[in-house]
Amino acid sequence: MAQLETITHQVTLQKKTQKKKGIIHSLVHQRTYWIMLIPSFIFFILFAYLPMIGVYIAFTRYDYGAGIFGSKFIGFQNFEYLFGVGTEGGFWSSPIWMLTRNTLLYNLAILLLGTALQVVVAITLKELPSKKFRKSVQTAMFLPYFISFAVVGVIAYNLLSTHGFINTFLTSIGVDTVNFYQEPQYWPYIIVLFAIWKGLGYGTVVYFAALSGFDESVYEAAYIDGATLMQRIMHITLPLLRPTIIILTLFSLGGILKGQFDLFYNLVRDNSLLLPTTNIIDLFVYRAVAISPNIGLGSAAGFYQSLFGLVLVVLVNWVVKKIEPDNALF
Amino acid sequence: MMSQAVASKTKIKTEKTAILFYTIGFVVIGLLALACLLPFILVISGSLSNNAIISAEGYSLWPKGFTTYAYQTIFENAKTIINAYTITVLVTVVGTVIGVVTIAMTGFVLSRPDFQYRYGYSFFLYFTTLFSGGLIPWYIINTQVLHLKNSIWALILPSVMNAFFIFLFKNFMRAIPHDLVESARIDGASDFRIFSQIMMPLAKPAIATIALFTALHYWNDWFTASLLITEEDKHPLQFLLFRILSSASVVVDTSVIREEALPSETMKLAMAVITTGPVLLFYPFAQKYFVTGLTIGGVKG
């Protein structure tokens, strides 16, 4: 029924778009529409499209005094440095490979473990027979989503500092304390745990919303046929949820080079002891502008990230189009 | 409703595996929920503890040597914190209002089937989610071209809207029949009047959702200030917290200098509680709008 409506809606849309009258006619007769678009037009030009032109900075030795187009053009030198061109180790020991590898591994771990946990929690919550329990659990799990990363930094410090909760606990059971802020090897686990912790409530809500949309008569039929709880989960819920999981995971893969900067920077700060295991592209770019300025190099890394990201999204969309054309972005 | 019916039926049948599943489910999920809450409890109890005992014995679940000393010290010299609160509230309110109005206008136009340029404009917006100049060009444009450095507008304008919220609003508007607009037009209403007096009241849930997402973003934003604001009297709450955590010297600036027993550890925690307080109080009531936002927005932007 809903599908029929959308089809007829689309047909009327097509009919309407067929009678095109040209932009002048539209500017005159639909001027209110155009006026209403002015603020967003200005915003996206200033804050999204002008910075795109600014990628030119990646090809310069940036000079604050001279500005974007006054700085010296140096071609691909910044990129050559990042990609280790001409160095002994070549690409595999270049900064960009280290950053890309770290970024990919972190995001993959967060994505896969996070998704698995969110799906398990959503399915379990749906089956548990207490609505009150579900509501309060969801509220509790959603809490970390609402707090700022600055507060996450405080929480991490409170747990991990030399006299933090974890070390207090270790002392109380007679184990030696760990100075986490000087031991880089623990941080991949710490960061992944915090990322999962922060995203659990949000992801659970998304999957729970998908689960709530399933046709209940299927479950009733299965129940009448004598399917057990585990059978219903394995043979109805999971197969129905699979497309959602796949699509959401694929789209997250499209953004896998980006993000989690807030989390990394608030946990690690300018602690160079931890950098070997925690440096990601976003952190590198941020440090290049805010901490030890190297504008050209940072822009080059950012440009690489954007371009590689664009390729990934296009690729992911192509895959989604193959499996689930309705969900493709473009 | 329906799932409850199914659930109650399964209860009657009481399969053995189901009972096991429920038991494990309640315990594991309960523990997970606790893990989400525990850090907050630790922060609050730490903020109410005696700094000297904390330094000697470490933190625990319950306040050690209960005292409100950390809060008192912060509020004794309340100028910094009140100033940061004012900045944050101002930025949040102004940013959210401008954001919601401009997002709604754009979303409304893009949802009109009689606007033939809607696909082109959508692409203009959508492309910004696919490709960006990156942080540094963004920074250079903001500081060197738009001269926003150290302006309060630097905290507002750069994140006032994004393509995702516009599409979310557009999707919501599309569900309202266009016939409503057509008939209002026949009655002689202008397009702007249709937008403000017919569509906006109908779009209240979408407006609430976007307003809350935007407000939360502004409230929690430390990042924009870290790059664009160097003058301390324009620092918002979260960046103040960020600075307090990163250096003890700031703590000395913001509080009355007491040579002995500076409550730096517990003060950090007290600051975290103070900056998050409004969000903690507000979010249980607001969370349903976030859920709506997630479901209307769906997978598609």
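The values are calculated or read from the model by the stated rules, or taken from the named source; none is laboratory data. Values in this document were obtained by computation on a predicted structure and should not be read as measured data. We place every Cβ from the backbone using ideal geometry, glycine too, and count neighbours over all the protein chains shown. With ligands, DNA and RNA removed, areas are computed over all heavy atoms of the protein, side chains included. Shrake-Rupley method; radii C 1.70, N 1.55, O 1.52, S 1.80 Å.
Couple of notes before you dig in:
- The helices (runs of 4 or more DSSP H) found entirely in segment A:81-178 that carry 1 or more residues being modelled with pLDDT of 90 or more and closer than 30 Å to A:Q231 by Cβ are A:95-127, A:131-146.
- Qualifying residue in segment A:40-62 (condition: at pLDDT 85 or above, assigned to a loop (DSSP other than H, G, I, E, B) and open to solvent by 30 Å² or more (accessible area, probe 1.4 Å)): yes
- Residue in segment A:234-243 that is buried (at least 20 other Cβ atoms within 10 Å of the Cβ), part of a helix (DSSP H, G or I) and not charged (D, E, K, R) present: no
- Just one of the listed residues (B:T106, B:T96, B:T128) is at the interface with chain A (Cβ under 7 Å from one of its Cβ atoms), in a helix (DSSP H, G or I) and surrounded by fewer than 24 Cβ atoms within 10 Å (Cβ to Cβ), and it is B:T128.
- Cβ-Cβ under 9 Å pairs, at least 6 apart or on other chains, segment A:187-202 side more than 10 Å from every other protein chain (Cβ to nearest Cβ) and of a type outside the set (V, I, T), far side surrounded by 18 or more Cβ atoms within 10 Å (Cβ to Cβ) and not in a helix (DSSP H, G or I): A:W187/A:L274; A:A195/A:Q260
- Only one of B:T80, B:T88 that is open to solvent by less than 20 Å² (accessible area, probe 1.4 Å), more than 10 Å from chain A (Cβ to nearest Cβ), in a helix (DSSP H, G or I) and at negative phi: B:T88
Residue-by-condition table, conditions (1) among the small types (G, A, S); (2) open to solvent by less than 30 Å² (accessible area, probe 1.4 Å); (3) within 14 Å of chain B (Cβ to nearest Cβ):
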site	(1), (2), (3)
A:S93	yes, no, no
A:R101	no, no, no
A:L108	no, no, no
A:L111	no, yes, no
A:L117	no, no, yes
A:V121	no, yes, yes
A:E127	no, yes, yes
A:S130	yes, no, yes
A:K135	no, no, yes
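- Test: residue in segment A:296-316 that is within 30 Å of B:L245 (Cβ to Cβ), part of a helix (DSSP H, G or I), within 11 Å of chain B (Cβ to nearest Cβ) and among the aliphatic types (A, V, I, L, M): yes
- Odd one out for A:T139, checked against (1) more than 7 Å from chain B (Cβ to nearest Cβ); (2) open to solvent by 20 Å² or more (accessible area, probe 1.4 Å): (1)
- When each of A:L273, A:L310, A:L267 is tested for being at pLDDT 85 or above, of a type in the set (A, V, I, L, M, F, W, C) and either within 15 Å of B:G134 (Cβ to Cβ) or within 17 Å of the chain's Cα centre (by Cα) (or both), the lone residue that passes is A:L310.
- The residues listed here are B:S190, B:S183, B:S196, B:S159; of these, the one that is touching an Asp or Glu at 6+ places or on another chain (Cβ under 8 Å) and either open to solvent by 10 Å² or more (accessible area, probe 1.4 Å) or under 20 Å from A:P39 (Cα atoms) (or both) is B:S159.
- Output for segment A:266-285, where each listed residue is open to solvent by less than 10 Å² (accessible area, probe 1.4 Å) and in a helix (DSSP H, G or I): A:N266, A:L267, A:V268, A:T278, A:I281, A:L283, A:V285
- Tabulated pairs, segment A:217-233, first at pLDDT below 90, second open to solvent by 50 Å² or more (accessible area, probe 1.4 Å), C-beta under 7 angstrom, 6+ apart or interchain: A:Y223/B:K9; A:T228/B:T17; A:L229/B:T17; A:M230/B:T17
- Residue in segment B:47-62 that is more than 7 Å from every other protein chain (Cβ to nearest Cβ), within 15 Å of A:Y157 (Cβ to Cβ) and part of a helix (DSSP H, G or I) present: yes
- Residues in segment B:136-149 that are free of Cβ contacts under 8 Å to residues at least 60 places away in the same chain and in a helix (DSSP H, G or I): B:I136, B:P137, B:W138, B:I140, B:I141, B:Q144, B:V145.
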